[in-house]
Amino acid sequence: MIETKPDISLSKYAEQLRNGIVIAFPTETVYGLGADAWNADAVARIFELKGRPPDNPLIVHVNSAEMAGTLAVEISDDAKRLMECFWPGPLAIILPKRPEVLDIVTAGLPTVAIRMPDHPIPLRLIEEAGRPIAAPSANTSGRPSPTRAEHVRQDFGLDVPIIEGGSCQYGLESTVLDLSERPYTVLRPGHVTQSDIEEALLQPVRMTDMPGTSGTGAGPREATSPPRSPGMKYTHYAPDARVRWMRHDELPVPLQPAKNTLYLLHQVRNGNGPSNPACKIIRYDGIYEEMARDLYDRFRMADLQGFEEVAIEPFSTYPESAEALLNRIRKAIGD
Ligand code: AMP
Ligand code: MG
């Protein structure tokens, strides 16, 4: 968790939020673009700024289980248990919404996604503003999510006040779990894994069938039911550069894949791998967490530096904690 400097005053931002202004702030996952969840005009401005399709609902951020109770009809025992286990943290929980929750926030759905972030800045902002904050990731729609304040500036320039908070701890968006119907379903994998949730609830939960969420790494699986998470049908997380899996022969001998390494390669199209001067190799030791933290920054850097391709070394066996990373890479590849 990143500590806020005690001299950073958030009251100015809290007041802006209360006045319907949209502001960007760090969380432990990615930077968010937030508005007062009770102000329809302010929330509409988020959609306008991002160019976000209106059928893609927002996650509402709270600073307590009590505040979640002002949004959901009922906090079930299972929801309570998950809040105790994982809040504050990177788990958004979907529950039937109270009628007062604005349609624009939930894209007209009868449910609302709620999360308590594990970061002092949004927690204090919500506290000082005295209201929940509806916030998607602070990128223009279709761009990789921002993991540093500079990324938010790349997309929004001076249109949005940004609270600076350094690099995000996880670098990938939260887990989204639908508790509104059974079987409970992970709609988007994140740092909190399917097994973490099953262990907390002592019951099986399923992983949504959307392409890019299968654990095999062996090609897309067909969706067997209509998407329950509208956002997952949109292309996400992709740079302009083409993202693809790296071929086996692309690493020169001194860089042969080794245990506990993962390579990411930037290159111009039709480049000859690492011997091509217009090529850059990044190696991750300690790997998945580090790559997850870095992935969107690398995607954005590839575009800024004019690379046309990002090649990522495939991983065939991996811990469950790397599921979210694999999901985002596959989405960027369009797999
Ligand atoms: P973002 O905030 O940009 O990371 O996106 C939030 C994700 O949560 C999107 O994939 C949304 O589709 C999903 N989401 C938010 N609210 C709901 C809801 N009520 N039902 C299903 N999915 C939701
Ligand atoms: Mg997003």
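A prolate overall shape is assigned to the stretch 133-212, the ratio a/c of its alpha-carbon gyration tensor axes (a ≥ b ≥ c) being 1.5 or greater and a/b exceeding b/c. Looking at the stretch 43-189, the accessible area is 36 square angstrom per residue; that uses a 1.4 Å probe and ignores ligands, DNA and RNA.
Taking 0.36 nm per residue of sequence separation and removing the Cα-Cα distance, the Leu304/Ala44 pair yields an extension gain of 90.6 nm. Net charge of the neighbourhood of Asp78, taken over other residues with C-beta under 15 Å away and scored Lys/Arg +1, Asp/Glu -1, is -4. Spacing of the modelled spin labels on Arg153 and Cys85, each 7 Å from Cα toward Cβ, amounts to 4.1 nm. Legend: calculated FRET efficiency, Glu181 to Arg244, from the Cβ-Cβ distance at R0 = 35 Å, rounded to 0.05, equals 0.45. Pop out the carbon and sulfur fraction of the accessible area of the stretch 99-170 as a percent, whole number, probe 1.4 Å. C and S fraction of accessible area: 52 percent. Over all other residues within a Cβ to Cβ distance under 10 Å of Met67, the charged ones net out to -1, with Lys and Arg as +1 and Asp and Glu as -1. Here the accessible area of the stretch 6-66 is 50 percent carbon and sulfur, with a 1.4 angstrom probe and all protein chains present. Put a dot 7 Å past the Cα of Glu198, heading toward its Cβ, do the same for Glu66, and the two dots end up 3.7 nm apart. For the stretch 111-124, backbone phi angles converted through the Karplus equation (6.51, -1.76, 1.60; θ = phi - 60°) give residue-by-residue couplings of 10, 9, 8, 10, 8, 10, x, 9, 8, x, 5, x, 4, 6 Hz, Gly and Pro being listed as x.
The values are calculated or read from the model by the stated rules, or taken from the named source; none is laboratory data. Note that the coordinates shown come from a computational prediction; the quantities given were computed from them, not determined experimentally. Note that each Cβ is placed from the backbone with ideal geometry, even for glycine, and that neighbours are counted across all protein chains shown. For accessibility, only protein heavy atoms count, side chains too; no ligands or nucleic acids. Shrake-Rupley method; radii C 1.70, N 1.55, O 1.52, S 1.80 Å.
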